[in-house]
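Enquirer: Before we start, here is the structure in question, set down as structure tokens.
The values are calculated or read from the model by the stated rules, or taken from the named source; none is laboratory data. None of the values given here were measured: they were computed from a predicted structure. Note: ideal-geometry Cβ built from the backbone for every residue, glycine included; neighbour counts use all protein chains shown.
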Amino acid sequence: MNSPSTFGLYETMRIVVPGFFFATMLSFLYWCGAAPLFPSPDLSGLSLVALFLVLALVSGLTIYSKETTKKRKAFLDNQPSLYIKSRARSIAELPPIEELEARRLYFFILNNHIPPLFHEKIFFFGTIYHIMTQVRRTSFWFAILSSILLAGYLALGWVFTDLQGLIVFAGSVWAIYLLNVRYNKADRKMQENYQDQIFWLEMNGDLVETIIRKRFAKGAGAR
């Protein structure tokens, strides 16, 4: 079973890492090209650190709350709950179950029956998937923003020698995004994670069937 401290660590990583990445990208964008558009804040070194930390925390919480990573194809396809739903359908004397109920049963099995080390692996790769996906999305939007800013400066007559920092930043962020898309390890690992869980459920089919039957017996008793 996953310990509360470990679960809290994984959830904290999903907030802190994307938030830190966003705050870092925003800071570099400001220093590399956006500074002429905004007045320089009159802050000391400690105040700048505090501002950076607040920005990282707020942006991390905002990204975490949106949960857009759970709407992607790599997250929605081949979920282990589909196996439980299919298993319930194969039991002739039981009615089919809804997707929501299958997910409840899946999380019950995950938290109470899957071995601790395997449980850790599931949460770890799930966390990595969310972080890498958010890094990819954040780098994409900063690549677009820096490119627009660069194009605007060139349209105003700035020369390339005056925009070296912004050019390097835009090129670096585009490289981060394109490499993330090219290798796309987050999506592959998420699907491998699902396949491992489905295999465990298949190898413990009798346990899954027993839990499904108990759930239906409990529901029938409540009625």
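Enquirer: Only residues that are small (Gly, Ala, Ser) and under 18 Å from Thr127 (Cβ atoms): list them for the stretch 174-220, please.
Expert: Result: Ala186, single match.
Enquirer: Of everything in the stretch 131-151 that's among the aromatic types (Phe, Trp, Tyr) and buried (at least 17 other Cβ atoms within 10 Å of the Cβ), which residue is farthest from Asp206 (Cα to Cα)?
Expert: Phe142
Enquirer: Is it the case that Lys214 is touching a residue at least 40 places away in the same chain (Cβ under 8 Å), assigned to a helix (DSSP H, G or I) and under 27 Å from Arg87 (Cα atoms)?
Expert: Details: touching a residue at least 40 places away in the same chain (Cβ under 8 Å): no; assigned to a helix (DSSP H, G or I): yes; under 27 Å from Arg87 (Cα atoms): yes.
No.
Residue-by-condition table, conditions (1) surrounded by 13 or more Cβ atoms within 10 Å (Cβ to Cβ); (2) more than 23 Å from Phe142 (Cβ to Cβ); (3) of a type in the set (Lys, Arg); (4) modelled with pLDDT of 95 or more:
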| position | (1), (2), (3), (4) |
| --- | --- |
| Phe160 | no, no, no, no |
| Gly165 | yes, no, no, no |
| Asn180 | yes, no, no, no |
| Asn184 | yes, no, no, no |
| Arg188 | no, yes, yes, no |
| Asn193 | yes, yes, no, no |
| Gly205 | no, yes, no, no |
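Enquirer: Looking at the stretch 76-84, can you tell me whether even one residue there is touching a His at 6+ places or on another chain (Cβ under 9 Å), surrounded by fewer than 17 Cβ atoms within 10 Å (Cβ to Cβ) and not hydrophobic (A, V, I, L, M, F, W, C)?
Expert: no
Enquirer: Of the residues that sit in the stretch 1-48 and are polar (S, T, N, Q) and more than 20 Å from the chain's Cα centre (by Cα), which one is modelled with the lowest pLDDT?
Expert: If we take residues in the stretch 1-48 being polar (S, T, N, Q) and more than 20 Å from the chain's Cα centre (by Cα), then Ser3 is modelled with the lowest pLDDT.
Enquirer: From Lys71, Lys66, grab the single residue that is free of Cβ contacts under 8 Å to residues at least 60 places away in the same chain and either under 30 Å from Glu209 (Cα atoms) or in contact with a Lys or Arg (Cβ under 6 Å, 6 or more places away or on another chain) (or both). Full working, then the answer.
Expert: Working: Lys66 fails: either under 30 Å from Glu209 (Cα atoms) or in contact with a Lys or Arg (Cβ under 6 Å, 6 or more places away or on another chain) (or both).
Step by step, each of Lys71, Lys66 is checked, and only Lys71 is free of Cβ contacts under 8 Å to residues at least 60 places away in the same chain and either under 30 Å from Glu209 (Cα atoms) or in contact with a Lys or Arg (Cβ under 6 Å, 6 or more places away or on another chain) (or both).
Enquirer: Arg188: closer than 30 Å to Asp206 by Cα and within 15 Å of the chain's Cα centre (by Cα), yes or no?
Expert: On the way: closer than 30 Å to Asp206 by Cα: yes; within 15 Å of the chain's Cα centre (by Cα): yes.
Yes.
Enquirer: Select from the stretch 83-94 the residues that are touching a residue at least 40 places away in the same chain (Cβ under 8 Å) and not small (Gly, Ala, Ser) and list them in ascending order.
Expert: Quick first cut of the stretch 83-94, residues touching a residue at least 40 places away in the same chain (Cβ under 8 Å) only: 83-84, 87-88, 91, 94.
Residues satisfying the conditions are Tyr83, Ile84, Arg87, Ile91, Leu94.
Enquirer: Name the residue that is surrounded by the fewest Cβ atoms within 10 Å (Cβ to Cβ), counting only residues in the stretch 58-75 that are among the hydrophobic types (A, V, I, L, M, F, W, C) and under 16 Å from the mean Cα position of the chain (by Cα). Please lay out each step first, then the result.
Expert: Keep residues of the stretch 58-75 that are among the hydrophobic types (A, V, I, L, M, F, W, C), which gives 58, 61, 63, 74-75.
From the residues that got through so far, the ones that are under 16 Å from the mean Cα position of the chain (by Cα) too are 61, 63, 74-75.
Values: Leu61: 14, Ile63: 22, Ala74: 17, Phe75: 21.
The residue in question is Leu61.
Enquirer: Considering only residues that are surrounded by fewer than 20 Cβ atoms within 10 Å (Cβ to Cβ) and in contact with a Lys or Arg (Cβ under 7 Å, 6 or more places away or on another chain), look in the stretch 95-130 and name the one that is modelled with the lowest pLDDT.
Expert: Pro96
Enquirer: Which condition number does Phe199 fail, the rest of (1) in a helix (DSSP H, G or I); (2) more than 28 Å from Leu110 (Cβ to Cβ); (3) hydrophobic (A, V, I, L, M, F, W, C) being met?
Expert: Here Phe199 meets the rest and fails (2).
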